[in-house]
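One structure is given below, encoded as structure tokens.
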Amino acid sequence: MQIITPNGEGFSWDWKRAKTFKAGSSYSLCRCGHSKTKPFCDDSHTKIGFKGKETAAAHKPFAKQAETFDGPALRLDDVEGLCAFARFCDPGGKIWSLIDESDDPEVRKLAIRESMHCPSGRLVLHDKKTGEEIEPELPQSIGVVEDPALGCSGPLWVRGGITIESASGVPYEKRERVTLCRCGYSSNMPFCNGSHASVKFRDGLVEFVKLEPKGKKQGE
């Protein structure tokens, strides 16, 4: 379980690792949002008529979907449809504004931090000098995202270049980090598009208590 935690100003800032789930050599994860044994599937999708039809851009590579933002030292590639609404891109005036000032070492550092904390891989930075992608190295794992500050549960966070296949058996582009819908409401299946935030999806795995920003006492 991976929990989004805010900084003193209330912006998403760090990932906190929490509960670990025991799983066998093979297992099924809930994607409809109705399983009683979340994060694992209990076949509730068959009872509610969940289809989960894949609507993602027909295996189109990330680079061909991305909108590009050019700065003096960094280039940002952005595929908005992959947004998991984790909000790590907000501190410091939002990452898109930071790109314009990426020749400032401190601004560059913050922009890289924000991009690398994005769970979905919506935001990918390139070093303008070397042309190389700036990507985190993540262990192969699947995390369950929880967002106490927003009061909801997030997507499945697939990390480390795990292959994701479509229902037809055709693999999607292998990427270091992607997020998969588990609330059942994404319009970009099988990927998360942040719908869990609007429907206030809660998986029942954690008790949601509104987090106060660090350094601020309740009632202030």
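Looking at (1) modelled with pLDDT of 95 or more; (2) part of a loop (DSSP other than H, G, I, E, B), which is the only condition LYS210 fails?
(1)
Quick check, is CYS89 open to solvent by less than 60 Å² (accessible area, probe 1.4 Å), farther than 30 Å from GLY131 by Cα, in contact with a Cys (Cβ under 7 Å, 6 or more places away or on another chain) and touching a residue at least 12 places away in the same chain (Cβ under 8 Å)?
So CYS89 does not fit the description; no.
If you check every pair at least six apart or on different chains, which have Cβ atoms under 6 Å apart with a residue in segment 104-122 that is β-branched (Val, Ile, Thr) first and a residue that is assigned to a helix (DSSP H, G or I) and at pLDDT 95 or above second?
What qualifies is VAL107/LEU98.
Quickly run through segment 59-68 and pick out the residues that are open to solvent by 60 Å² or more (accessible area, probe 1.4 Å) and without any contact (Cβ under 8 Å) to a residue 60 or more places away in the chain.
If the condition is that a residue be open to solvent by 60 Å² or more (accessible area, probe 1.4 Å) and without any contact (Cβ under 8 Å) to a residue 60 or more places away in the chain, then LYS60, ALA63, LYS64, GLN65, GLU67, THR68 are the ones that fit.
Any idea which of ASP77, ASP14 is surrounded by 14 or more Cβ atoms within 10 Å (Cβ to Cβ), closer than 17 Å to HIS117 by Cβ and within 20 Å of the chain's Cα centre (by Cα)?
ASP77
Just checking, does segment 26-39 include any residue being within 29 Å of ASP90 (Cβ to Cβ), open to solvent by 50 Å² or more (accessible area, probe 1.4 Å) and modelled with pLDDT under 95?
no
Taking helices (runs of 4 or more DSSP H) that fall entirely within segment 29-144, which contain at least 3 residues that are farther than 21 Å from PHE11 by Cα?
Details: elements: 44-48, 62-65, 95-99, 105-117.
In segment 29-144, the matching helices (runs of 4 or more DSSP H) lie at 44-48, 62-65.
Of all the residues that make up segment 105-143, how many are within 30 Å of GLY33 (Cβ to Cβ) and open to solvent by less than 10 Å² (accessible area, probe 1.4 Å)?
Residues meeting the conditions: 8.
The values are calculated or read from the model by the stated rules, or taken from the named source; none is laboratory data. None of the values given here were measured: they were computed from a predicted structure. Neighbour counts are summed over all protein chains in view; Cβ atoms, including those assigned to glycine, are modelled from backbone coordinates with ideal geometry. With ligands, DNA and RNA removed, areas are computed over all heavy atoms of the protein, side chains included. Shrake-Rupley method; radii C 1.70, N 1.55, O 1.52, S 1.80 Å.
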